[in-house]
């Protein structure tokens with residue numbers, strides 16, 4: 001019952017350009033914090049906090065045989081787990097569609113943007129190449145996991161260093177790392193813009209997320225180039241709304257990217 | 001440990017034959033320079049996950065455990081419900097990037113399932129299950145980085161999270177590993193010691209603070225009866241040190257509010 005009341009209240013407030021926690025429609029919660037080196041066992045790692053939402057991301061590298069159709073390239077995969085530790089709404093078991101969508105959208109924002117130079121990950125064409133896996137783990141889901149996950153993945157990738165490879169055996173020594181960074185050539189960040197009662201807003205709390213009509217995730221690079229999009233929700237969007245949402249997303253990506261400057 | 005490979009091949013058997021305690025030089029100086037009964041640096045904090053009913057962070061050396069408690073909440077499937085008492089369920093999980101080697105595939109594996117089971121047993125002995133009939137208290141543990149002693153860190157964190165959630169308990173459980181490395185009894189083995197060349201044993205224990213009783217006891221490797229008893233005595237003292245840190249963190253949590 002409380003939930004239904006909140007949904008109505010959130011929608012009504014949004015209509016007047018207001019929110020339950022008194023933020024403006026395009027204002028992020030505080031604090032926004034990015035810490036790196038939160039896992040010494042990962043090749044790169046980051047913890048991102050936006051308000052009460054906290055996610056971790058960790059990069060692991062491995063050497064594998066390249067795919068036949070891209071024999072001179074390595075690979076990257078982003079995975080996300082909505083672990084039951086992080087919310088009473090999540091349960092143990094195989095990934096839910098929500099986890100799969102979060103992983104896929106975050107993954108495409110990086111992969112399709114060609115953020116990592118795949119050719120530079122190749123060691124011996126057709127035989128050996130570096131493969132990057134980034135895992136996102138939620139610690140506390142208080143809403144807006146898409147933005148938090150995207151920021152954490154980018155921070156972890158920026159912070160990652162290649163492990164030492166034994167010259168004789170070719171085996172990876174995960175205990176030691178070189179100074180060599182990943183060939184990250186772009187820094188795309190996904191931002192999700194939501195539509196509630198005709199108004200566009202960002203950084204929704206978990207309560208607000210239950211009241212949205214439509215959402216659009218837009219990943220964009222420093223120069224504003226768009227690298228991935230995903231529409232969600234049951235309500236349609238007009239071309240005008242899409243245009244505004246892209247503008248907001250590009251602007252907010254610039255804002256969140258500021259947090260990565262010290263990495 | 002090496003004795004198991006005795007029959008596998010000729011090459012292995014030579015290794016196995018030499019793997020007895022007396023053929024290796026005694027382990028006198030610990031890899032990281034600690035005293036024999038000295039624990040790695042410990043950091044504990046209660047109330048770290050706002051969504052949870054209770055939560056804690058427990059770090060010991062490079063092993064880090066987050067624990068979150070949800071419940072008591074209704075138990076499903078319903079046939080598991082007991083009108084006389086509730087149940088607790090531990091769920092242990094290493095994050096995919098938390099191992100010392102390659103990425104660990106997410107999801108349940110045999111090791112995690114067994115650890116979850118022994119954790120549940122170690123903790124439920126002090127939980128007043130009659131306080132929440134028909135209900136379940138779920139305890140989730142996630143480890144972002146590990147360096148041996150993960151189940152012990154998980155239990156110590158989980159015990160704090162249960163207390164933080166206000167679950168009725170008789171006492172706090174404190175957990176640590178003890179063991180021997182080439183004839184020397186030590187507390188809180190790190191990964192380098194667990195993997196040390198020669199004769200090693202790793203004994204994770206959990207202790208009820210007030211009674212000194214053990215609620216978790218496992219062992220891998222090899223150890224003499226004398227060394228085992230010495231290790232368990234050392235473990236009780238080590239567990240008491242952990243208890244003091246857990247208690248301090250819980251007090252800090254509740255004096256703040």
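Computed quantities for the displayed model
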read-out: Residues satisfying the stated conditions in the stretch B:68-84, i.e. touching a helix residue (DSSP H, G or I) at 6+ places or on another chain (Cβ under 9 Å) and either away from chain A (no Cβ under 13 Å) or not in a strand (DSSP E or B) (or both); value: B:82, B:84
read-out: Scan of the stretch B:187-200 for residues that are assigned to a strand (DSSP E or B) and more than 16 Å from residue B:25 (Cα to Cα), ordered by number; value: B:187
read-out: Complete set of residues in the stretch B:105-132 that are within 11 Å of chain A (Cβ to nearest Cβ) and within 20 Å of residue B:58 (Cβ to Cβ); value: B:112, B:116
read-out: Which numbered condition residue A:95 misses (of (1) closer than 23 Å to residue B:104 by Cβ; (2) within 14 Å of chain B (Cβ to nearest Cβ); (3) surrounded by fewer than 22 Cβ atoms within 10 Å (Cβ to Cβ); (4) touching a strand residue (DSSP E or B) at 6+ places or on another chain (Cβ under 6 Å)); value: (4)
read-out: Test result for residue B:65, crowded, with 20+ Cβ neighbours inside 10 Å, within 13 Å of chain A (Cβ to nearest Cβ), within 14 Å of the chain's Cα centre (by Cα) and closer than 21 Å to residue A:138 by Cβ; value: yes
read-out: Residue that is nearest to the other protein chains (Cβ to nearest Cβ) [pool: residues in the stretch A:98-116 that are free of Cβ contacts under 8 Å to residues at least 60 places away in the same chain and buried (at least 21 other Cβ atoms within 10 Å of the Cβ)]; value: A:103
read-out: Qualifying residue in the stretch A:181-203 (condition: surrounded by 15 or more Cβ atoms within 10 Å (Cβ to Cβ) and within 14 Å of chain B (Cβ to nearest Cβ)); value: no
read-out: Count of the stretch B:41-62 residues which are buried (at least 24 other Cβ atoms within 10 Å of the Cβ) and within 10 Å of another protein chain (Cβ to nearest Cβ); value: 3
read-out: Residue in the stretch A:117-130 that is within 14 Å of chain B (Cβ to nearest Cβ) and farther than 24 Å from residue A:232 by Cα present; value: yes
read-out: Tally, over the stretch B:129-178, of residues that are in contact with a helix residue (DSSP H, G or I) (Cβ under 7 Å, 6 or more places away or on another chain) and part of a loop (DSSP other than H, G, I, E, B); value: 4
read-out: Subset of the stretch A:29-39 that is surrounded by fewer than 17 Cβ atoms within 10 Å (Cβ to Cβ) and in contact with a helix residue (DSSP H, G or I) (Cβ under 9 Å, 6 or more places away or on another chain) - its residue that is nearest to the other protein chains (Cβ to nearest Cβ); value: A:37
read-out: Selection count, the stretch A:50-88, where residues are within 9 Å of chain B (Cβ to nearest Cβ) and farther than 12 Å from residue A:138 by Cα; value: 5
read-out: Residue B:173 surrounded by fewer than 24 Cβ atoms within 10 Å (Cβ to Cβ) and within 15 Å of residue B:247 (Cα to Cα); value: no
read-out: Qualifying residue in the stretch A:69-80 (condition: outside any helix (DSSP H, G or I), under 15 Å from the mean Cα position of the chain (by Cα) and within 27 Å of residue B:73 (Cβ to Cβ)); value: yes
read-out: Failed criterion for residue A:152 (all others in (1) part of a helix (DSSP H, G or I); (2) over 19 Å from residue A:116 (Cα atoms) hold); value: (2)
read-out: Residues of the stretch B:85-104 satisfying the condition of being modelled with pLDDT under 95 and more than 7 Å from every other protein chain (Cβ to nearest Cβ); value: none
read-out: Output for the stretch A:69-92, where each listed residue is without any contact (Cβ under 8 Å) to a residue 12 or more places away in the chain and surrounded by fewer than 20 Cβ atoms within 10 Å (Cβ to Cβ); value: A:69, A:88, A:91, A:92
read-out: Condition check for residue A:42: crowded, with 16+ Cβ neighbours inside 10 Å and facing chain B (nearest Cβ under 8 Å); value: yes
read-out: Condition check for residue A:187: within 19 Å of residue A:263 (Cβ to Cβ) and free of Cβ contacts under 8 Å to residues at least 40 places away in the same chain; value: no
read-out: Subset of the stretch A:118-130 [surrounded by fewer than 24 Cβ atoms within 10 Å (Cβ to Cβ) and in contact with a strand residue (DSSP E or B) (Cβ under 8 Å, 6 or more places away or on another chain)]; value: A:118, A:121, A:122, A:123, A:128
read-out: The stretch A:45-65, residues that are closer than 22 Å to residue A:133 by Cα and surrounded by fewer than 20 Cβ atoms within 10 Å (Cβ to Cβ); value: A:62, A:63, A:64, A:65
read-out: Criterion (surrounded by fewer than 23 Cβ atoms within 10 Å (Cβ to Cβ) and either out of contact with any helix residue (DSSP H, G or I) (no Cβ under 9 Å at 6 or more places or on another chain) or within 11 Å of chain B (Cβ to nearest Cβ) (or both)) met by exactly one of A:133, A:138; value: A:133
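Okay, residues lined up against (1) free of Cβ contacts under 8 Å to residues at least 40 places away in the same chain; (2) surrounded by 20 or more Cβ atoms within 10 Å (Cβ to Cβ); (3) under 25 Å from residue B:116 (Cα atoms):
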residue: B:207; (1), (2), (3): yes, yes, yes
residue: B:211; (1), (2), (3): no, no, yes
residue: B:217; (1), (2), (3): yes, no, yes
residue: B:222; (1), (2), (3): no, no, yes
residue: B:230; (1), (2), (3): no, no, no
residue: B:245; (1), (2), (3): no, no, yes
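The values are calculated or read from the model by the stated rules, or taken from the named source; none is laboratory data. Remember, predicted model here, so these are calculated numbers, not experimental data. Virtual Cβ from ideal backbone geometry, glycine too; neighbours counted across all protein chains shown.
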